[in-house]
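Below is one structure; the comments refer to it alone.
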Amino acid sequence: MNRREFLALAAAIPCLGQAPDFETRIRPPKFPDRDFDIRKHGAIEGGKQDATIAINKAIAACAGAGGGRVVVPAGIFLTGAIHLKSAVNLHVSKNATLLFNRDPTLYLPTVFTRWEGTECMNYSPFIYAWEQTNIGITGEGTLDGNANCDFWWNWSGKGGCGKKGEPTQAAARAALVAMGDKDVPVKERVFGEGSWLRPNFIQTYRTTNVLIEGVTILNSPMWEINPVLCRNVTVRNVKINSHGPNNDGCDPESSSDVLIDGCEFDTGDDCIAIKSGRNRDGRRVGVATENVIVRHCSMKDGHGGVTIGSEASGGVRNVFVENCRMDSPHLNVALRIKTNSYRGGTIENILMRNCRIGQVAQAALDIDLFYEEGEGGQFTPTVRNIAMEDVTCGRSKVAVSLKGYKNAPLQDIRLTRCAFDHAEKENVIQNVTGLRATDVTINGKKWSL
């Protein structure tokens with residue numbers, strides 16, 4: 001979709017019933033009608049005996065038979081890393097809990113992963129799929145990451161977790177970013193034990209046709225759902241409640257054709273964060289996230305309701321956010337775009353429409369090119385074609401904050417039929433071209449540019 005097509009679409013759509021054309025390509029995978037109960041492969045309920053081997057045996061048997069469901073029945077099952085295979089649906093039944101073990105050695109050996117936008121070898125994500133096709137995680141049960149300030153979160157060195165003198169991820173994080181900037185081969189970027197880089201909860205990597213539906217996710221070490229270099233992803237009716245540091249809810253990364261529908265987010269970081277790699281390593285991979293729909297979701301606590309960046313060096317385009325509800329004094333921003341001149345990349349064609357924002361701590365719309373390192377880098381980002389339609393906000397510090405560079409202003413920002421009430425301060429507008437406001441009120445008064 002080019003700029004002209006996007007603007008025509010944003011101007012023409014009168015109701016939510018009409019969807020972007022790429023939505024017809026987003027179809028959840030189907031699985032053969034076979035069930036593999038993890039108890040038949042040695043898993044014992046109760047949350048005391050580790051079931052990692054049994055669960056992965058059930059997955060191997062299911063894949064070997066041509067696919068189906070690996071069923072976690074009611075009860076608590078303790079586990080380490082789970083590695084999914086093609087045509088396998090991990091089905092967590094109602095009243096079932098997969099409780100993830102706090103022993104880091106159960107997430108070794110290291111696997112090929114992306115950590116905050118840079119590829120490396122690190123601890124396995126709790127649930128991981130590498131170069132698979134047709135993957136499911138479904139059911140009404142619970143995935144409990146078992147993290148708190150004494151386990152996993154303390155590795156971050158953030159959020160008041162951990163004790164003075166305890167090791168943290170800081171040195172390894174800096175080393176990883178430096179390796180990415182120097183093009184060190186990924187197989188030589190080995191972390192894992194002794195590095196303190198926390199694993200993500202669910203990561204599907206280079207995988208096609210992904211369905212994550214119905215489950216409740218609690219207490220992740222860091223990012224919860226992270227499809228990387230994936231195509232055709234559906235995340236539907238998932239509930240996420242996890243308030244640790246860097247506890248993003250859903251982070252599509254360098255992925256295309258993604259639907260996030262009917263989910264509930266209550267997080268310690270961004271509820272949804274759309275990404276595409278960090279700095280030089282993100283540009284090396286060079287794959288944008290594109291064609292994303294966020295629909296009928298609710299956001300409570302978090303840094304941003306829907307955030308784009310900050311790791312967006314590969315670019316982000318064609319994102320549609322509609323009919324969502326966001327409301328919490330601990331939610332900073334409803335729609336947030338954050339990047340800088342070290343990240344680079346192009347962020348374009350973003351539309352939020354028919355969303356209701358009760359209150360946010362900072363702004364309804366915040367676009368910031370000065371995030372973290374800010375100016376001074378050699379890769380000036382481009383941000384253009386951002387639209388907000390039929391959005392209301394009941395309370396915020398400012399309605400809109402837009403901060404571009406003098407040499408790279410934000411381009412074509414359009415707000416239509418929006419109402420922002422109880423905004424405490426004036427809007428922040430720095431270096432923007434093509435800003436338009438039509439039928440927009442702030443504290444009951446028409447916003448005149």
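The values are calculated or read from the model by the stated rules, or taken from the named source; none is laboratory data. Computed from a predicted structure; not experimentally measured. Counting neighbours? That spans all protein chains shown, and the Cβs are built from the backbone with ideal geometry, glycine included.
A few comments on the model shown:
- When residues of region 80-110 are limited to those that are among the aliphatic types (A, V, I, L, M), within 29 Å of Glu311 (Cα to Cα) and in contact with a strand residue (DSSP E or B) (Cβ under 6 Å, 6 or more places away or on another chain), the one surrounded by the fewest Cβ atoms within 10 Å (Cβ to Cβ): Ile82
- Residue check for Arg395: within 23 Å of Cys324 (Cα to Cα), touching a helix residue (DSSP H, G or I) at 6+ places or on another chain (Cβ under 8 Å) and in the same structural domain as Thr307 (by TED's automatic domain parsing): no
- Filtering Leu99, Leu108 for residues that are in the same structural domain as Leu218 (by TED's automatic domain parsing) and touching a residue at least 60 places away in the same chain (Cβ under 8 Å) leaves a single hit, Leu108.
Here is a yes/no grid of residues against (1) farther than 28 Å from Leu335 by Cα; (2) among the hydrophobic types (A, V, I, L, M, F, W, C); (3) surrounded by 22 or more Cβ atoms within 10 Å (Cβ to Cβ); (4) modelled with pLDDT of 95 or more:
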position	(1), (2), (3), (4)
Asn200	no, no, yes, yes
Thr216	no, no, no, yes
Met222	no, yes, yes, yes
Asn247	no, no, yes, yes
Val258	no, yes, yes, yes
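- Qualifying residue in region 337-357 (condition: touching a His at 6+ places or on another chain (Cβ under 9 Å), among the aliphatic types (A, V, I, L, M) and surrounded by fewer than 23 Cβ atoms within 10 Å (Cβ to Cβ)): no
- For region 372-395, the set of residues classified as closer than 24 Å to Cys355 by Cβ, surrounded by fewer than 19 Cβ atoms within 10 Å (Cβ to Cβ) and under 20 Å from the mean Cα position of the chain (by Cα) is empty.
- Within region 105-157, being under 17 Å from the mean Cα position of the chain (by Cα), part of a loop (DSSP other than H, G, I, E, B) and hydrophobic (A, V, I, L, M, F, W, C) holds for one residue alone: Phe126.
- Scanning region 150-165 for residues that are among the hydrophobic types (A, V, I, L, M, F, W, C) and at pLDDT 95 or above turns up Phe151, Trp152, Trp153, Trp155.
- Strands (runs of 3 or more DSSP E) completely within region 281-340 that count 2 or more residues being more than 19 Å from Phe370 (Cα to Cα) and touching a Lys or Arg at 6+ places or on another chain (Cβ under 9 Å): 289-295, 316-322
- Flag for Phe126 being surrounded by fewer than 24 Cβ atoms within 10 Å (Cβ to Cβ) and among the aromatic types (Phe, Trp, Tyr): no
- Just so you know, in region 224-238 the residues that are surrounded by fewer than 22 Cβ atoms within 10 Å (Cβ to Cβ) and among the polar types (S, T, N, Q) include one that is farthest from Leu98 (Cα to Cα), and it is Thr234.
- Just one of the numbered conditions (1) touching a residue at least 60 places away in the same chain (Cβ under 8 Å); (2) surrounded by fewer than 24 Cβ atoms within 10 Å (Cβ to Cβ); (3) over 29 Å from Ala87 (Cβ atoms); (4) not polar (S, T, N, Q) is not true of Pro185: (1).
- Here is the figure for region 158-186: residues that are acidic (Asp, Glu) and in a loop (DSSP other than H, G, I, E, B) total 2.
- Candidates in region 260-280 are the residues that are of a type outside the set (Asp, Glu) and in a loop (DSSP other than H, G, I, E, B); of these, the one that is farthest from Asn237 (Cα to Cα) is Arg278.
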